[in-house]
1. I need the per residue convex hull volume for region A:148-225, using only the alpha carbons, in cubic angstrom as a whole number.
2. Looking only at region B:3-226, where both bridge partners belong to it, what percent of the DSSP beta bridges are antiparallel (to the nearest 5)?
3. Apply 1/(1 + (r/R0)^6) to the Cβ-Cβ distance of A:Glu218 and A:Asp41, taking R0 = 51 Å, and write down the FRET efficiency to the nearest 0.05.
4. Which loop-located chymotrypsin sites (Phe, Trp or Tyr not before Pro) does region A:32-129 contain, where loop means any DSSP state but H, G, I, E or B and the Cβ has at most 11 other Cβ atoms within 10 Å?
5. What does the charge count around A:Met250 come to, taking other residues whose C-beta lies under 13 Å from its C-beta (Lys +1, Arg +1, Asp -1, Glu -1)?
6. How crowded by other chains is B:78-87, given as the mean number of beta carbons from other chains within 10 Å of each beta carbon?
7. Using amide H atoms built in the peptide plane, which far-off residues or other-chain residues are under 5 Å from B:Asp219 H to H?
8. For region A:192-255, state which trypsin sites (Lys or Arg not before Pro) are in a DSSP loop and have at most 12 other beta carbons lying within 10 Å of their beta carbon.
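The values are calculated or read from the model by the stated rules, or taken from the named source; none is laboratory data. Predicted, not measured: the structure shown is a model, and the values here were computed from it. A quick note on method: Cβ atoms are made from the backbone with ideal geometry, for glycine too, and the neighbour counts reach across all protein chains shown. Heavy atoms of the whole protein, side chains included, go into the accessibility calculation; ligands, DNA and RNA do not. Shrake-Rupley method; radii C 1.70, N 1.55, O 1.52, S 1.80 Å.
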Amino acid sequence: MRFRNLTIGQHIPGDSPIHRLDPRTKILGTALLIVLLFSVDGFIGYALVALAVAAVIHLSELPWRFVIRGLRPLMVILLLTVGLNVFLTEGEVLFRLWFLTVTREGLVRGLMMGTRLILLILGTSLLTLTTSPIQLTDGIETLLNPFRRIGVPAHELAMMMTIALRFIPTLLEETEKIMKAQMARGADFQSGGLMQRAKSLIPLLVPLFVSAFRRADELAIAMEARGYRGGQGRTKFRELRFGRIDAVAMVLSVAFTVLVGVLF
Amino acid sequence: MSIRLENVSYRYLEDTPMETTALAEVNLEIGEGEFVGIIGPTGSGKSTLIQHFNGLLLPTSGKVWVDGVDLAHKDTQLRIIRQKVGMVFQYPEHQLFGETVLEDVGFGPQNGGLPAEEVEQRVRRALAYVGLDFEELKDQSPFELSGGQKRRVAIAGVLAMEPSVLILDEPTAGLDPKGREEILDEICALHKERGITVILVSHSMEDVARLVDRLIVMDKGRVVLDGTPVEVFREADTLRELGLGLPQVTELMHELKAKGLAVNTDILTVEAAEEEIARVMGGQR
Ligand SMILES: Nc1ncnc2c1ncn2[C@@H]1O[C@H](COP(=O)(O)OP(=O)(O)OP(=O)(O)O)[C@@H](O)[C@H]1O
Ligand SMILES: [Mg+2]
C-alpha cells in the first residue's frame with residue numbers, strides 16, 4: 001500500500017556502472033557529496049553539483065521518474081524548510097503576501113536550502129538504490145574496521161544493520177497483511193480523534209510485535225544452527241574488490257569535490 | 001448477495017520497475033449461495049482476486065459490484081460491505097491480538113456497532129460453529145491456545161460478523177489431516193445450514209473436488225477454467241500443464257481407462273470410484 005512508495009532504503013538490482021562500483025567507493029562518494037553540499041555557496045556551485053548528481057543518475061540507468069518520486073515522502077519537510085527560510089529571513093523586502101514578507105535574501109536562502117536538501121536526498125537514495133543491503137553493510141564494516149582498536153564493534157554493527165535492513169520490507173509486508181485482516185473485520189485506522197486512533201492501533205501493533213519476536217527467535221536459532229558465533233575468524237564468500245572503475249570514480253569525485261568546494 | 005467483476009485488472013507497484021500484473025481482464029460473477037473453489041499455481045493471482053471481493057484492493061482498471069454496489073464509487077461504505085463479505089486470510093492466527101478470546105472474536109461485531117450482549121451471543125455462536133466451547137475459552141488468552149485452536153478462534157473472529165459471503169484463503173494450510181478435515185466440514189455445514197456463499201482458495205484438489213459446486217482455475221492473473229468440478233477435471237491436460245493435476249481418484253480412473261478398462265472418468269470421490277469399478281467389473285466387489 002502506501003508504504004511501498006518509499007524509495008529510500010530500497011534496492012533496485014541492475015548492471016549499470018554505478019551498480020558495479022565497490023560499495024566503499026559509493027559510500028565515500030556519498031560522504032563527499034554531503035561535505036560538498038555544506039561547503040558550497042552560490043548558485044553556480046549548486047548547479048555544478050546538481051549536474052554531477054544528474055550524471056550519476058543517468059549512469060545508474062534507473063528510471064528518472066522513479067528516482068524523483070523518492071522525494072515525495074519528504075515533501076513536507078522540504079516545503080517547511082524552504083518556506084521558513086523564505087518568510088523568516090530579514091532583508092530587502094520584495095513584496096508582502098498577507099501577513100508574510102518575502103525578502104530577496106530569504107528567497108535566495110530558501111532556494112539554496114531547497115536545492116541542498118533535494119540533492120542530499122537524491123544522492124543518498126542513489127546509494128541505497130544501486131547497492132544491495134549486503135554490499136552496503138559489507139562496505140560499512142570494512143570502512144569501520146580500522147576503528148576496531150578504539151572499541152568500535154564493526155562486525156556487530158554491520159550485522160545489526162544487515163538484519164535491520166533485511167527485515168524492513170518483511171515487517172512492512174506483515175503490517176500490510178495484518179492491517180488488511182483487521183480491516184476485513186471492520187477495523188478503522190483512519191478516522192476518530194487522537195485517542196481513538198491510538199486505540200485502533202492495538203489490533204495492529206500486538207500481532208506485529210508477536211510476529212517480530214517470533215521471527216527474531218527463529219532467526220537467532222537458524223543462525224546458531226549454522227554456526228554463527230560473531231565476526232572472529234569469519235571469512236567472506238564475496239570479497240569486496242576495489243577495481244579500476246573504482247579508482248577512476250574515486251579520483252573524479254575527489255577532484256570534483258576539491259575543485260568545486262574551493263572555487264565556489 | 002452476488003459479486004460481479006467486469007474487466008478487472010490489478011497491478012502491484014504500478015509505475016515502478018517492480019510492477020507486476022497480478023490480474024488481467026477478469027470477468028466473473030458469483031451468485032448467492034454458491035460454494036466456489038479457486039485453484040491455481042503459486043502467484044497466479046488467487047489472493048489478489050479475492051481481496052477485490054470486499055474492497056481491500058480496488059481494481060487498477062475495471063469494476064467490481066457487490067450486491068449491485070460499485071465498490072470504487074466514492075459514496076460506497078466499504079466498512080459495511082466488509083461486514084457482509086467476511087474474509088479469512090492465510091494463517092489467520094497471526095492477526096490475534098485480544099487479551100481474551102471473547103475480546104478477539106468480538107472485535108468484528110463490536111466494530112459493527114452491536115451492543116455488548118449481542119456481541120457475546122455472536123461470539124458464542126461463532127465459537128460453536130468452529131467446535132470450541134465458549135464457557136471454557138472466553139476468558140483465556142488466545143496466545144495460550146494450541147495452533148489448531150488459535151486457527152479456529154481466528155476463523156470464529158470472522159464468522160462472528162455473520163457475513164452472508166465467506167471467503168477463505170487456504171484456511172487449512174499447516175494443519176494436521178484431522179484438523180483440516182474438521183475445519184472444512186464445519187465450513188461445509190455453515191454453507192448448507194445457513195445458505196451463505198462460500199469462496200474457498202485451496203491448493204488441495206482433493207478438498208475442492210469433495211466440497212465445491214463450482215471450480216475456478218486461475219493462471220497468470222487470468223481465469224482459465226470455470227465450471228463444475230467434473231467439467232473442470234475433464235480438462236486434465238490443461239490442468240497438468242499448469243502443474244495442478246487431478247484428484248488422486250480421478251487420476252486413477254483416467255489411468256484405468258488408458259489401460260483399457262471402460263470406466264467413466266468423471267469421478268471425484270473414493271466411494272464413487274469404488275462403485276464405478278465394481279459396476280465395470282460386473283458387480284463383484
Ligand atoms: N503486496 C504485493 N506487492 C507486490 N507484488 C505482489 C504483492 N502481492 C502479490 N504480488 C504479486 O502478484 C502476483 C499474484 O500474487 P497472489 O498473491 O495473488 O498469488 P496467489 O495465487 O495467491 O499465490 P499463492 O498460491 O502463492 O498464495 C504474484 O506475481 C506476486 O508476486
Ligand atoms: Mg495466495
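1. Working: hull volume 9.5 nm³, N = 78.
Spelled out: Cα convex hull of region A:148-225, divided by residues, is 122 Å³.
2. On the way: 18 of 35 bridges.
Around 50 percent of the beta bridges assigned by DSSP in region B:3-226 are antiparallel ones.
3. On the way: r = 52 Å, r/R0 = 1.02.
Rounded to the nearest 0.05, the efficiency is 0.45.
4. Values: sites: A:Phe38, A:Phe43, A:Tyr46, A:Trp64, A:Phe66, A:Phe87, A:Phe95, A:Trp98, A:Phe99; in loops: A:Trp98, A:Phe99.
Answer by residue number: A:Trp98, A:Phe99.
5. Values: positive: A:Arg24, A:Lys26, A:Arg244; negative: A:Asp22, A:Asp246.
The answer is +1.
6. Working: counts 3, 5, 1, 0, 5, 3, 0, 1, 3, 5.
Mean partner shielding for this stretch: 3.
7. Under 5 Å from the amide H of B:Asp219 lie the amide H atoms of B:Val224, each far enough along the sequence or on another chain.
8. Numbers: sites: A:Arg197, A:Lys199, A:Arg214, A:Arg215, A:Arg226, A:Arg229, A:Arg234, A:Lys236, A:Arg238, A:Arg241, A:Arg244; in loops: A:Arg226, A:Arg229, A:Arg234, A:Lys236, A:Arg238, A:Arg241.
Counting only loop positions with at most 12 other Cβ atoms within 10 Å, the trypsin sites (Lys or Arg not before Pro) in region A:192-255 are A:Arg226, A:Arg229, A:Arg234, A:Lys236, A:Arg238, A:Arg241.
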